[in-house]
Amino acid sequence: MADSTGKAEYFVGLDLGGTKILAGVFKHSLECIGTAKLSTKSQRGVEPVIERVARCVQDAVDEADLTLKQIAAVGIGAPGAVDFAEGRVIFAPNMEGWKDVPLKKALEKQLGVPVFVENDGNIAALGVHVAELKAKPKHLIGIFVGTGIGGGIIINGDLYSGFNHTAGEIGHMILDVNGPKCGCGNKGCFEALASRTAIFQQIKAGVKDGQKTLLTEMLGADLSDLRSGDLRKAIRRGDKFVDKVVEGAAEYIGIGIATLVNVLGPEVVVLGGGVMEALADEMMSVIIETANDYAMPGTMKGVEIVASKLGDNAGITGGAVLARRESK
């Protein structure tokens, strides 16, 4: 049970994704004491999603037996390009109608608590760097594979956001100019080749073309309830088709890593997000082997490629790190 003095000494980290909203309440030590989860339902429009975000914060605070008066700040990871100073989402490719959304202002009005908004990949990288790796690596790249692919870059121990504060959009590196169309409008983005959305689309297209897979036995012909964990189950039961699609995505992740290592020379590359949480055992050896094949000779020496132990909680943890940092 939390103290009842009402002092604002807790932080909420929130991960706003194309599929789900996840919130966690954290102590100053970054220990998580309560979480809540809601589906995003972005097809309903911007205002209803903002209301759901506020509700998710409130639910997590209730779960931790606290009140909003005890929350010092809320840190949010939002998908797409974010103006941190203004707390605006400039453009979120996987969210319907999300262009120039004043998220900070809208939520501060609803919650009465300071809110800080950052790109979700940046936030997740911050969470892994500070909470999991104790801020030891000086140079780190985080790649988070979920509905889309988010990224975050740490250089000299600090989050690197570039000239327009939009750096780190790793999911929108173009790896195949003739590849499938991405939610951002371009063709062949990393995200359009290796995200959960891309993997699911390939599997559904294959089934339509008559490919045999255990998934249709497990979930029915339309695969409408497909989850990342189902892919793991199918692969472990010997499903060759699913194994091939997942291996293809793992190869693209390896190519993406090689490209980033060539350009930025990190100490550590951390992989996270829901897909990695479900499929790290199936994907990591292919990812590492491909990265080594495609990187320039010498650039991979001593570079670690690891799966984050924070899993899907990297985003909420990073949100808490941001809230703690900004409310000093």
When the chain is modelled as a GNM with alpha-carbon springs shorter than 10 Å, which of R44, R232, R52 fluctuates the most? R44
Relative to the longest principal axis of the chain, what angle (0 to 90°, nearest 10) does the C-alpha long axis of helix 274-294 take? 60 degrees
Bridge type composition, the stretch 134-309 - antiparallel percent by DSSP, nearest 5: 55 percent
On Cα atoms only, tilt of 46-63 relative to the major axis of the chain in degrees: 70 degrees
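With only alpha-carbon pairs counted, each pair once and no self-pairs, how large is the Kirkwood hydrodynamic radius of the stretch 134-309 in angstroms?
16.7 Å
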List the lysines whose alpha-carbon lies under 30 Å from that of K208, not counting same-chain residues fewer than 8 positions away? K20, K41, K181, K187, K233, K240, K244
For a quick check, take a GNM of the chain with Cα springs below 10 Å and name the residue from V57, V115, V177 with the largest mean-square fluctuation. V177
DSSP beta bridges in the chain, what fraction antiparallel, as a percent rounded to 5? 60 percent
Determine the principal axes of the Cα atoms in the stretch 18-60, then give the extent along each, sorted from largest to smallest and rounded to whole angstroms. 36, 16, 12
For the ranges 320-328, 160-168, what's the packing order if you count other beta-carbon atoms within 10 Å of each residue, average per peptide, and put the highest first? 320-328, 160-168
Is there a quick way to get the dipole size of the chain? I mean about its Cα centre, with the Cβ of Lys and Arg at +1 and of Asp and Glu at -1; what is the value in debye to the nearest 20? 240 debye
Note on the stretch 134-309: contact order normalised by length, alpha-carbon pairs under 8 Å, 6 or more apart, percent, works out to 23 percent
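Based on Cβ point charges of +1 for Lys and Arg and -1 for Asp and Glu, what charge dipole magnitude is obtained for the stretch 117-170 about its Cα centre, in debye rounded to the nearest 20?
Values: 3 positive and 5 negative charges, 51 e Å.
Charge dipole of the stretch 117-170: 240 debye, to the nearest 20.
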Report the full-extension gain for the segment K7 to K212: residue separation times 0.36 nm, less the Cα-Cα distance, to one decimal in nm. 68.0 nm
By average C-beta atoms within 10 angstrom, highest first, the peptides 217-227, 259-269: 259-269, 217-227
Among F190, V46, V242, the residue whose Cα sits farthest towards the positive end of the charge dipole of the chain, when +1 is placed on the Cβ of each Lys and Arg and -1 on the Cβ of each Asp and Glu, is V46
Student exercise, the stretch 25-115 dipole from Lys, Arg, Asp, Glu Cβ charges, in Debye to nearest 20: 140 debye
Before rounding to the nearest 500, sum -39500 (n - 2.57) across all DSSP H runs of length at least 4 in the chain and divide by the residue total; then give [θ] at 222 nm in deg cm²/dmol. -12000 deg cm²/dmol
Relative packing of 308-319, 238-249, 147-158, which averages over residues the other C-beta atoms within 10 Å, highest first: 308-319, 147-158, 238-249
Taking the chain as the reference, fit the longest principal axis to its C-alpha atoms, fit the long axis of helix 196-208 to the helix C-alpha atoms, and give the angle between the two in degrees, 0 to 90, nearest 10. 40 degrees
Between the alpha-carbon centers of the stretch 121-151 and the stretch 1-76, tell me the distance in whole angstrom. 20 Å
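Read the figures in this text as sums done on the coordinates, not as results from a lab. From a predicted model like this one, the values you see are computed outputs, not experimental measurements. All Cβ positions, glycine included, derive from the backbone under ideal geometry; neighbour counts span all protein chains shown.
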